[in-house]
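Student: Take a look at the following structure, please.
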Amino acid sequence: MTVGSSAPVTTEDAPPKRPPGRWGLVGNRVLRVRELSVLVVVIVLIVYFGLANSAFFTSSNIQNVADFFSSVAIIATGEVFLLVCGEIDLSAGMTFALVPVIMVSLNGEDGEGMPLWLSLLISLIFAAVIGAFNGVVSQYLRLPSFITTLGTLYILHGISLTIAGSTPLPAPEDGLLPKIFGGWTWAELTWTVVIVIVMQIVLTQTRWGAHTIATGANALGAAESGIRVRQIKIRAFVLTSVLAGLAGVLDGTHIAKSFDPNAGGSDLMFSAIAAAVIGGTALLGGSGTVVGAALGALLLAVLQDGFNIQGISATTFVIVEGAAILIAMTLNVYFTRFRARAKVE
Amino acid sequence: MSIQTDQTPNTAPAVPAIEARHVSKSFGSVTALRDVSLHVDKGEVLGLIGDNGAGKSTLIKILTGFQQPTRGEVLLDGQPVTLGSVRQARDHGIETVFQDLALIDTLPVYMNLHLNKEPRSGPFLRKRRMRLNARRYLDDIGIRIASVNDEVASLSGGQRQAIAVARSVYSNARILLLDEPLAAMGAKEGGIILDLISLLREQGEVSIILIAHNYTQVFDVCDRVNLLQHGEITLDKKTTETSVEELLDLVANEYRRGGALAGDRGRLLNESRELG
């Protein structure tokens, strides 16, 4: 092989010529700022509605915001884990409705059945079984989770209606347990904040979180590294169902003092997925943050409540929610391309 | 085609560190490996060469526990073992650089270097220690990467490959399986990795199977070379007893045979071009 006089020089210069990672760093920063940008939008909205309407900062209104925010944020936390590892759960809103219905059925409408704590425990275990079913069917029968959970969505809704007979069941109110699980004014919000913080730490600081990201970003590579990809995914399904069931118990106990078999549903599930996407979680897996999803949920909550007290109809809110998702998705795609380009250069 | 061997496993002086005996692998009606036997002694570097689709990657995936053989067995230090998963293989001291590198684009360099063997205290990842380790490994190899916090997606092909190699080399591995670790590398980066393999060879503790397409590289760092063709080992010689020319000849014969079988090829091509 003949080597020209300039050839060795270029070989030597090759690595420094490319500033490795600079684009990656910028990309990272912008992404982090993006999580921050959701926060900025939320703050702007809060300030706007606070100035526009004196009713916004009353404690009853703040509670309204907190109520909507909480159930969406809790379910979104689970969906973030699923989306990050490349799956989705469309049935979460129905699990939300079914789990408290099962709890009341076990406990008895007048508390004549099992003790409340046992009913709660069993109903949450049932939620875990729903998640395990979603996970096992999609992983071992190789059905896309979109299809699996679309099926369970209808099945769970049907079971709720069958058990409750289409009418709301009264939520237990006596004793400490109902107070902890939603009875106390700020119980639901406290649960939400704790769940969001804990799961954010799990996603970013533990092996489970790292393997969830690895599974979603490169399932084959993760498997080649010995990560049990199916197990990671099934775990995310179980997490989502348990959180959805817990949110159902908290929400019914807190707001209506009753459990409606038609509560939650697909609206709530889509709001949770919207919150995750607005918060920067990639729909195709590999990245996402729980805190981002919580901010997304807060954004939706403030918007809905603000429109409400301003007297703008709820239908307008639906349009805005749709627009927010489109904008968030566009940004998501844009940033993915941005990072892909940075990789090529 | 006759099998040319200069030694048989039975007369090998030492017990091989890793050995595949009569391993076959079928995917449905496709046979990827047919009765393959191969061995690597302790501290030996074996070069595994062969055409695309000859079954090299399949053999590696069996030896690393990612796939299970249809027939045959794998022995470590003469003991038959079942490698049911990558985890089991890793427990036996087998580390692998897969052809697709098995990197996670959305995780930083230091996390990729510790993928699925993350140091922890309690449930929490020891990120500081991982960053320090990552820096030390990369400096030790001599690969330049600006920050170990960079996402792997932002790195060049050679840097990515270096991370995959570093991940398997800086471990307690007794057996390293390297599936084309130099494919995406420039001459300089490739040289760094070859130096690393030579270093391990001098230490004599680790047994290595190196899959490569560049025969010169094979002769530079390997003690012995095996040629895999159509799922069968067709040559097993020490690198000192064969030459690049012999290997090229063996492989070229394949092409020539393929050409002879299809003398009519290209007639339609000519006709259609004349019409156009």
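The values are calculated or read from the model by the stated rules, or taken from the named source; none is laboratory data. Because the structure is predicted, anything quoted here is derived from the model rather than measured. Glycine also receives a Cβ, built like all others from the backbone with ideal geometry; neighbour counts cover every protein chain displayed.
Student: Given the options A:Thr281, A:Thr240, A:Thr253, name the one that is among the β-branched types (Val, Ile, Thr) and within 14 Å of chain B (Cβ to nearest Cβ).
Tutor: A:Thr281
Student: A follow-up question, please. Could you check, for segment A:226-247, whether at least one of its residues is buried (at least 24 other Cβ atoms within 10 Å of the Cβ), more than 23 Å from B:Gln161 (Cα to Cα) and of a type in the set (Ser, Thr, Tyr)?
Tutor: Looking through segment A:226-247, at least one residue is buried (at least 24 other Cβ atoms within 10 Å of the Cβ), more than 23 Å from B:Gln161 (Cα to Cα) and of a type in the set (Ser, Thr, Tyr).
Student: Tell me whether segment B:121-144 contains one or more residues that are under 24 Å from B:His39 (Cα atoms), assigned to a helix (DSSP H, G or I) and more than 10 Å from chain A (Cβ to nearest Cβ).
Tutor: no
Student: Name every residue in segment A:104-116 that is in contact (Cβ under 8 Å) with a residue 40 or more places away in the chain and either within 18 Å of A:Val238 (Cα to Cα) or over 26 Å from the mean Cα position of the chain (by Cα) (or both), in order of residue number.
Tutor: A:Ser105, A:Asn107, A:Glu109, A:Gly111, A:Leu116
Student: Counting just the residues of segment A:223-237 that are among the charged types (D, E, K, R) and assigned to a helix (DSSP H, G or I), which one comes out nearest to the other protein chains (Cβ to nearest Cβ)?
Tutor: By that ranking, first place goes to A:Glu224.
Student: Let me ask another. Which condition number in (1) over 22 Å from B:Pro119 (Cα atoms); (2) free of Cβ contacts under 8 Å to residues at least 24 places away in the same chain is the one that A:Thr240 fails?
Tutor: (2)
Student: Right, here's the next one. Does segment B:66-74 contain any residue that is under 30 Å from B:Ser37 (Cα atoms), within 18 Å of the chain's Cα centre (by Cα) and at the interface with chain A (Cβ under 8 Å from one of its Cβ atoms)?
Tutor: Among the residues of segment B:66-74, at least one is under 30 Å from B:Ser37 (Cα atoms), within 18 Å of the chain's Cα centre (by Cα) and at the interface with chain A (Cβ under 8 Å from one of its Cβ atoms), which makes the answer yes.
Student: In segment B:55-83, what residues are of a type in the set (Gly, Ala, Ser) and either surrounded by fewer than 22 Cβ atoms within 10 Å (Cβ to Cβ) or assigned to a strand (DSSP E or B) (or both)?
Tutor: B:Ser57, B:Gly72, B:Gly78 - these are the residues of segment B:55-83 that are of a type in the set (Gly, Ala, Ser) and either surrounded by fewer than 22 Cβ atoms within 10 Å (Cβ to Cβ) or assigned to a strand (DSSP E or B) (or both).
Student: Give me the pairs, please: first residue somewhere in segment A:119-144 and among the basic types (Lys, Arg), second residue anywhere and surrounded by fewer than 23 Cβ atoms within 10 Å (Cβ to Cβ) and at pLDDT 95 or above, beta-carbon distance under 9 Å, and either six or more positions apart or on two chains.
Tutor: Filtered contacts from segment A:119-144: no entries.
Student: Further question on the same structure: Go through segment B:94-111 and count every residue that is facing chain A (nearest Cβ under 9 Å) and outside any strand (DSSP E or B).
Tutor: 11
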